[in-house]
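What follows is a set of notes on a single structure, which appears directly below.
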Amino acid sequence: MQRIGSTDIKYLKGVGDVRARKLKTELGIATFRDLMYYFPNRYIDRSRFYNIAEFTGDMPAVQVRGKFVSFNEAGEGARLRLVGSFYDGRSFAEVIWFRSIKNIKRSLVKGKEYVIFGKPTLFNGVWSFAHPEIESYNPENPPQGQRGVYPLTEKSRNGGITSRTLQTLAANLFEKVTQIGDTLPQEIVSRLRLMPLLQALRAMHFPTSPSELERARKRLKFEELFYVELHILRYSLHRDITTRGHVCARVGRFFNEFYSRVLPFELTGAQKRVIREIRNDMRTGRQMNRLLQGDVGSGKTMVAFMSMLIAADNGLQSVLMAPTEILARQHYETLRAWGDRIGLPVRLLTGSIRTSERREIHAGLLDGTIGILIGTHAVIEDTVQFLNLGLVIIDEQHRFGVAQRARLWTKNAVPPHILVMTATPIPRTLAMIVYGDLESSVIDELPPGRKPIATSLHYEEGREQVYRDIYTELRKGRQVYIVYPLINENDRLELRSVEEGYKNICEIFSEFRVCCVHGRLRPDEKEHQMQLFVSGEARIMVATTVIEVGVNVPNASVMVIENAERFGLSQLHQLRGRVGRGADKSYCILMSKQNIGKETRERLSIMTQTNDGFRIAEADMKLRGPGDMEGTLQSGFAFNLKVASLASDGDAIQLARSVATQVLDSNPTLSGAAGAGAGAADGSAQLTPYSLKLLETELTHRFGRQVDWSRIS
Ligand code: ADP
Ligand code: MG
């Protein structure tokens, strides 16, 4: 059997030292295995030749058979180009080259029969191909099946490696390698009726039919996702086995007193259920690692607070970490008011807290007088130490991967329970990967009395009408947000747009007080401006996205978002969630410039169609890909997906996860020594020692040696 993983590509027929070097530096192909896994990114149907006469505007790449009747140079200097006139027996097309003109003229022969591949475009009434792939037509060996088109770099192309080259090399490779060890256990391959590895790899390069290609993809996606899930689940299992958490068995004074005397409203059914889930985690002695998802305004803060009360009842301290100072302050105001009523001290620690106060807080945390600490990232600095930290809650934080979470553990001899809260719902399948090591809770119910928000999209010409509508609401006594994009707080241009907007609005609505909040303000000034709005003195708030999270003013009924085309869907959804909390009817007005792309228009129109955060998150992911999530993923588990896509392979992810779960259920250590759950009832996940060894080898190959996560600092 060929050891393809360690065989240097230079030993392949058609590759010498020079080409081997190019393949390696330009395309990362160093071994036989690399080439086998270097897949085409699209395919051309080779069984069909097109006539130039039947071309249409939206054609993909096609192949045409014919002869060159002439070559002419046109233009000069940098615009010099070679134009070949290509005749298919009935009509003419132009073939144009802008580079390598000399080589091309030398290699092509007039009157000889060629096949050209490429995407035709219509220019001045003539169909033309720019830099198509060209090969001689061989009547004895006419093309058939699907032809792969490989992803290339500009440099590799100039260096003489074309799609055609890779095709030839791949053909040579599969001629030579006729047997390889499968990377999945035989038991799994046959149970799921997957295509065997070698066959799948060959089909990716040389599919004989679309359905064969589909089956090959399915097999490779499964394999990729299966190992990712196995890796994640094994990590979380390992953590569960080796780590004991605080046992929070008691529900005592703080919780009960708060519940019976202070709780300002009836909890929703979903809140109750989630608090029960958290309580069940915390009392077992397992260390909790839980993701809490709930749409904007679903009442996550209360769930967080009541979880902290459970910790406090068991003599443990809690931390709530927010992504921005504003949000931290807002949480602080809310939680301190509640804490005060039951005698539980709550403190705030952010970057802008004075040194003297900081010292006092540090001391209070160490001697245990502070029960709850709220803050920004400042709370996890090394200088912040606790007497006995029991629970860490991370709010609205996407970029907090496995590794960062693991860091929190060192804050205490017994690792604290961890609850990650997010208001941007994560599509289920994505959560299985990105937060795959966490248990998940969902608040899928809003507190009663929420009013639907009417969302509409307007362009510049509709601005006057928008202002008239705003005026009507202001006259009714309502308040209004006007938000400008500010992606980078240091960008002066963007800052100017807020400041100009502010001046403008002050003039237009001169009878109302207007406040202005952005990231460049000093903290006390920001606080003052916010306060103006919260108290109702200011009726309009002009702001950048700093208000995205946190602000809660029930009387506000209009959210205007300027340059909405520049925001992502989940951000728009977050902003919209600031209204609809009190008034009879609320409005979200998206202002956009007129000429926006199709995708942007689609994105904005989704906002006008639904208020459902999960639907929006799904749509966002389909449109833009998993974005930020991938960052979290890589910071945590460090891998890239090559065949599967987080955005569109939900079913495959689900299947991979369930098979990985079954495998670990019967073989928790993958060592062959049967664990607690040994002997799955149907025996379906029983693997031979050989297969278990294979899993171990593949995991190491893919993710490196297992890190001892519990020791990360
Ligand atoms: P989010 O999930 O977005 O963090 P919050 O926790 O800020 O939501 O809650 C939004 C608002 O709803 C707050 O004013 C909060 O006091 C209120 N709220 C939370 N739970 C309930 C409930 N069960 N009944 C009524 N109002 C609630
Ligand atoms: Mg919140």
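The residue list Ile374, Ile353, Ile380 contains one member that is within 16 Å of ligand 1 (Cβ to nearest atom) and touching a helix residue (DSSP H, G or I) at 6+ places or on another chain (Cβ under 9 Å), which is Ile374. What number of residues within the stretch 469-480 satisfy the criterion of being part of a helix (DSSP H, G or I) and either within 16 Å of ligand 1 (Cβ to nearest atom) or aromatic (Phe, Trp, Tyr) (or both)? The qualifying residues number 1. Considering Pro554, Pro523, the condition of being surrounded by fewer than 24 Cβ atoms within 10 Å (Cβ to Cβ), out of contact with any strand residue (DSSP E or B) (no Cβ under 6 Å at 6 or more places or on another chain), under 22 Å from Gly294 (Cα atoms) and not charged (D, E, K, R) is satisfied by Pro554 alone. As a summary of the residue check, Arg290 satisfies the conditions (1) in a helix (DSSP H, G or I); (2) basic (Lys, Arg); (3) in contact with a Ser or Thr (Cβ under 9 Å, 6 or more places away or on another chain) except for the one numbered (1). Among the residues of the stretch 325-343, the ones that are polar (S, T, N, Q) and more than 15 Å from ligand 2 (Cβ to nearest atom) come to 0 in all. In the set Lys119, Lys155, Lys218, only one residue is within 22 Å of Ile29 (Cα to Cα), open to solvent by 20 Å² or more (accessible area, probe 1.4 Å) and in contact (Cβ under 8 Å) with a residue 60 or more places away in the chain; that residue is Lys155. Among the conditions (1) within 16 Å of ligand 2 (Cβ to nearest atom); (2) over 31 Å from the mean Cα position of the chain (by Cα), the only one that Asn256 does not satisfy is (1).
Take Arg358 and tell me if it is more than 14 Å from ligand 1 (Cβ to nearest atom), open to solvent by 40 Å² or more (accessible area, probe 1.4 Å) and part of a helix (DSSP H, G or I). So Arg358 fits the description; yes.
Anything in the stretch 406-435 that is away from ligand 1 (no atom under 16 Å from the Cβ) and β-branched (Val, Ile, Thr)? List them, or say none. Selection gives Thr410, Val414, Ile418, Thr429, Ile433, Val434.
For the stretch 252-267, does any single residue satisfy the condition of being under 30 Å from Thr669 (Cβ atoms), more than 13 Å from ligand 1 (Cβ to nearest atom) and at pLDDT below 95? Checking the stretch 252-267: not a single residue is under 30 Å from Thr669 (Cβ atoms), more than 13 Å from ligand 1 (Cβ to nearest atom) and at pLDDT below 95.
Could you list, in sequence order, all residues of the stretch 567-585 that are more than 16 Å from ligand 2 (Cβ to nearest atom) and in contact with a helix residue (DSSP H, G or I) (Cβ under 9 Å, 6 or more places away or on another chain)? Matches in the stretch 567-585: Phe567, Gly568, Leu569, Leu572, Ala583. Regarding Pro425, is this residue within 16 Å of ligand 2 (Cβ to nearest atom) and either part of a helix (DSSP H, G or I) or surrounded by 15 or more Cβ atoms within 10 Å (Cβ to Cβ) (or both)? Here the answer is yes, as Pro425 does meet what is asked. So in the stretch 183-206, with the set limited to residues that are surrounded by fewer than 18 Cβ atoms within 10 Å (Cβ to Cβ) and without any contact (Cβ under 8 Å) to a residue 60 or more places away in the chain, which one is nearest to Val663 (Cα to Cα)? Checked the stretch 183-206; the qualifying residue nearest to Val663 (Cα to Cα) is Ser190.
Being surrounded by 13 or more Cβ atoms within 10 Å (Cβ to Cβ) and assigned to a loop (DSSP other than H, G, I, E, B) is the filter here; which residues of the stretch 251-273 pass it? Answer for the stretch 251-273, where residues must be surrounded by 13 or more Cβ atoms within 10 Å (Cβ to Cβ) and assigned to a loop (DSSP other than H, G, I, E, B): Val251, Gly252, Leu263, Leu267, Thr268. Mind checking whether some residue in the stretch 374-396 is without any contact (Cβ under 8 Å) to a residue 24 or more places away in the chain, part of a loop (DSSP other than H, G, I, E, B) and under 30 Å from Glu525 (Cβ atoms)? Yes, because at least one residue in the stretch 374-396 is without any contact (Cβ under 8 Å) to a residue 24 or more places away in the chain, part of a loop (DSSP other than H, G, I, E, B) and under 30 Å from Glu525 (Cβ atoms). Is there a residue being over 26 Å from Asn158 (Cα atoms) and of a type in the set (Phe, Trp, Tyr) anywhere in the stretch 52-65? Yes: the stretch 52-65 contains one or more residues that are over 26 Å from Asn158 (Cα atoms) and of a type in the set (Phe, Trp, Tyr). Of the strands (runs of 3 or more DSSP E) contained entirely in the stretch 1-97, those carrying at least 3 residues that are modelled with pLDDT under 90 and not hydrophobic (A, V, I, L, M, F, W, C) fall at 42-45.
Of the strands (runs of 3 or more DSSP E) that lie entirely inside the stretch 522-610, those containing 1 or more residues that are farther than 12 Å from Tyr481 by Cα span 586-592.
Taken together, the residues in the stretch 274-316 that are polar (S, T, N, Q), open to solvent by 10 Å² or more (accessible area, probe 1.4 Å) and more than 15 Å from ligand 1 (Cβ to nearest atom) amount to 3. Tally up the residues in the stretch 448-468 that are more than 16 Å from ligand 1 (Cβ to nearest atom), open to solvent by less than 70 Å² (accessible area, probe 1.4 Å) and of a type in the set (D, E, K, R), please. Residues flagged as more than 16 Å from ligand 1 (Cβ to nearest atom), open to solvent by less than 70 Å² (accessible area, probe 1.4 Å) and of a type in the set (D, E, K, R) within the stretch 448-468 amount to 1. Here is a check on your reading of the model: is Glu445 within 16 Å of ligand 1 (Cβ to nearest atom) and out of contact with any Phe, Trp or Tyr (no Cβ under 6 Å at 6 or more places or on another chain)? Judged against the criteria, Glu445 is a match. Scanning the stretch 26-40 for residues that are of a type outside the set (Asp, Glu), free of Cβ contacts under 8 Å to residues at least 40 places away in the same chain and in contact with a Gly (Cβ under 9 Å, 6 or more places away or on another chain) turns up Thr31, Arg33. Answer with yes or no whether Ala363 is crowded, with 19+ Cβ neighbours inside 10 Å and more than 17 Å from Gly390 (Cα to Cα). No, not satisfied.
Strands (runs of 3 or more DSSP E) fully within the stretch 121-174 that include at least 3 residues being modelled with pLDDT of 90 or more: 126-130. Being more than 29 Å from Val663 (Cα to Cα) and free of Cβ contacts under 8 Å to residues at least 24 places away in the same chain is the requirement here; does Ser260 meet it? When the stated conditions are applied, Ser260 passes them.
The values are calculated or read from the model by the stated rules, or taken from the named source; none is laboratory data. Computed from a prediction, not measured in an experiment: that's the story for all the values here. Backbone-built Cβ (ideal geometry, glycine too); neighbour counts: all protein chains shown. Accessible surface is based on the protein model in full, side chains and every heavy atom, while ligands, DNA and RNA are left aside. Shrake-Rupley method; radii C 1.70, N 1.55, O 1.52, S 1.80 Å.
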